[in-house]
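A short worksheet on the structure shown next.
We did not get these values from a lab; they are worked out from the coordinates using the rules stated. Just so it is clear, the structure is predicted and the values come from calculations on it, not from any experiment. No Cβ is skipped: glycine too gets one built from the backbone with ideal geometry, and neighbour counts run over all protein chains shown.
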Amino acid sequence: MIGRNRLKKSILMLALLFLSAASIVASGGGGGDPSVSVTITSFSPAGGGVGGTVTIVGTGFSTTAANNAVAFNGTAAVVTSCTSTEIVTTVPSGATTGPITVTVGGHTATSTTSFTVTSPLAFGGYWFGTTNVACYWAGTTRVDLSDDTHNALAFSPTFNSGGTVYTAGQYSPDNVTGTACYWAGTTRVDLDSNGLDGTAVAVVVDGGTVYTAGGLYNAQTFATYPCYWAGTTRVDLPGGAGNSAAALALAVSGGTVYTSGIWYDGAKYLPCYWAGTARTDLAGDGAHEAFANAIAVSGGTVYTAGYYSNGTKKIPCYWAGTTRTDLAGDGAHEAFANAIAVSGGTVYTAGYYSNGTKKIPCYWVGTTRTDLAGGDATHDAYVYGIAVSGGTVYTSGSWWNGTKLTPCYWVGATRIDLAGGDATNDAQALTITLVGGTVYTAGYWSNGTIETACYWAGTTRTDLGDGVHDSRVQTGYEWFD
Amino acid sequence: MRLANRKLFYLGWLSLFCGIAFYVIARPSGSTYFLGKLLHPSFASQIIKLPSLIQGSFPDFVHPFAFSLIGMGLLSLTRASRLCICSSFLLMNLFFKIGQNYKYAFAAQVPKWFGGIPLMENAGPFFLRGTFDVNDIFAMIVGAAAAFAISELLIIQQREGKHDREKSP
């Protein structure tokens, strides 16, 4: 009898404890409503940088974007598009690692796993110790991709996907011949270089596949052969029958790999792009050299930018498909287009032109040129990068005052100088990107002895190098130069 | 079933209803799972604003307090078992509160099959969205201790009353 009573009391106590636990859980965690079930079942990628696209899958979402309030660990995000089961949004500025919440009509769903906010910035490059050491910088943290006994290089911009930084480059196991490779985080994946000196200069991750592009240099024939890699599978691109060619830029759209570059016809370099392995030649004047430096794919059209020579001077241009549009310099002197962006169906290119006295930085919206102010009336200035946001054109470069190069960027035509290292040595801003409304530029500065890789957030410089060893953020374009 | 102590039992339920009433009038319905389920979405705003210490920690006090009283009233009159009951509810509350401090680690342990099951589906959000405050820990300890102290007082009173009745002619 006593035993039965004790059993009954134990069961009652357990029931009370369960009821207690249930009431604790019920008293927190946010509201729900039987008639309005908002749930988050998954999101992808699991992490990423500010400005990155995130797809949230669940139920009960509003089909009106404004009615879905999405937050990353409490920081509100803008909904790009939505259906009742899927929301596409971007990681907002100021977001921190934590759960994603979706609130619809006062009802909130919270993801059960955290979204990992990674640095929006990742610049590939190298620093020099005993050899060139490939590395990337995420924020201010340098991540070495090789050791100081094997020559290696990495190229910027790197690609930050799902919290993993992908960097294209080259690794030399014997310090004689390089093997093209990419790094997923710090894990090096060697790419088939066919026994030649391979270099991958650009990387894109699309649909879970890592695409890289670059070329293979044959030291016997002094020729470079263009190729891209889908994963580790090398796809050779038709160049100039034994003569040099190189893929300098890479874009992936709709499952097709697009590369742009140049090929040598035995007498001159000619511009082209490859859609898959099909080379499409781009027309210069037919008699003189031309270059396609940059590529963008928008609305199914391939846009490339570069220049061609007419035998007297270099003329900047862009190609929409194969249709060349000349961009005006001063009409009498050479000019270059180094970068391209396509936004809202409008083609933006940036470069510089010479007026016979100095080089003048500029950008073109369509064919309308806007001159950018250099430092003075007599010295050169250069533009290397372009970004377009909200109809405003942002360009990066440097200007020369007769003594040193000063890094800068322009918002529209307004120049904003960036702090280099000192009053006498060069610094340049080579790349530009906008993340969460902040302008980020990357390049290097020199103290006369050491070049230090750095980036600027707005005008605030953050050094990426250690100040003891040379370091550079470098571009694929520089590789072939 | 015969109650061990009616006063403790009913005082416990009264405290629990006070706790529920607190949520209804002092917390937005969207902030808690059970209010979101029970109340119409239009009933979204809290009615009163209490001093922040009470606003934040009253539920943490009342929960171990009420359940300890109910448990003691239902089950036991010995001091050792009453201490055991109060400690059990205190430990349970501490477990969930500390879980809110290590939200990601605890939420990661919630089985995925909880999703879609009423109440259990809120286990993950409970850890992720809840806030940890040292005051809450103190409130829980005070709640459990107060319940035990009240039980001591009531039982001593009742024993003295019974003793007096037995002694009276």
Counting other chain Cβ atoms within 10 Å of each Cβ in B:88-98 and taking the mean gives 3
Across A:8-19, the residue-averaged tally of Cβ atoms belonging to other chains within 10 Å stands at 4
If R0 = 56 Å, then B:TYR10 and A:ALA275, at their Cβ-Cβ distance, give a FRET efficiency to the nearest 0.05 of 0.10
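Distances longer than 14 Å among the Cα atoms of segment A:224-283: what percent of all pairs is that? Could the numbers behind the result be given before it?
Working: 861 of 1770 pairs.
When all Cα pairs of segment A:224-283 are counted, 49 percent exceed 14 Å.
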Normalised per residue, the volume inside the convex hull of the alpha-carbon atoms of segment A:350-399 in Å³ amounts to 66
Karplus ³J(HN,Hα) for segment A:73-90 (6.51 cos²θ - 1.76 cosθ + 1.60, θ = phi - 60°; Hz, whole; x = Gly/Pro) runs 6, x, 8, 5, 10, 8, 7, 7, 7, 7, 10, 5, 10, 8, 10, 10, 9, 10
Here FRET efficiency (C-beta to C-beta, B:LEU3 to B:ILE25, R₀ 30 Å, nearest 0.05) is 0.50
Under 5 Å from the placed amide H of A:LYS359, counting only residues 5+ away or on other chains, we find A:ASP380, A:ALA381
Between A:LEU430 and residues 5 or more places away or on another chain, the pairs with built amide H atoms under 5 Å apart involve A:ALA442, A:GLY443, A:TYR444
For peptide B:67-76, the mean count of other chain Cβ atoms within 10 Å per residue Cβ is 3
Cα gyration tensor of segment B:65-151 diagonalised, 5x eigenvalues square-rooted, in angstrom largest first, produces semi-axes 29, 15, 9
Highest mean packing first, using Cβ neighbours within 10 angstrom, the peptides B:136-149, B:10-23 sort as B:136-149, B:10-23
Karplus-derived 3J(HN,Hα) from phi for segment A:294-304 (6.51 cos²θ - 1.76 cosθ + 1.60, θ = phi - 60°), whole Hz, x at Gly and Pro, runs 9, 9, 9, 10, 9, x, x, 9, 8, 10, 10
A:THR462 and A:GLU86 label points (each 7 Å along its Cα→Cβ direction) are spaced in nm at 3.3
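So, by mean Cβ neighbours within 10 angstrom, what's the order for A:190-202, A:52-64, B:86-98 with the highest one leading?
Values: A:190-202: 21.9, A:52-64: 17.4, B:86-98: 19.6.
Output ranking for A:190-202, A:52-64, B:86-98: A:190-202, B:86-98, A:52-64.
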For A:VAL189, other-chain or 5+-apart residues with amide H closer than 5 Å (H placed, Pro excluded) are A:TYR182, A:TRP183, A:ALA184
Distribution output for segment A:39-117: share of Cα-Cα pairs per 5 Å bin in percent, first bin at 0, values 3, 19, 33, 29, 13, 2
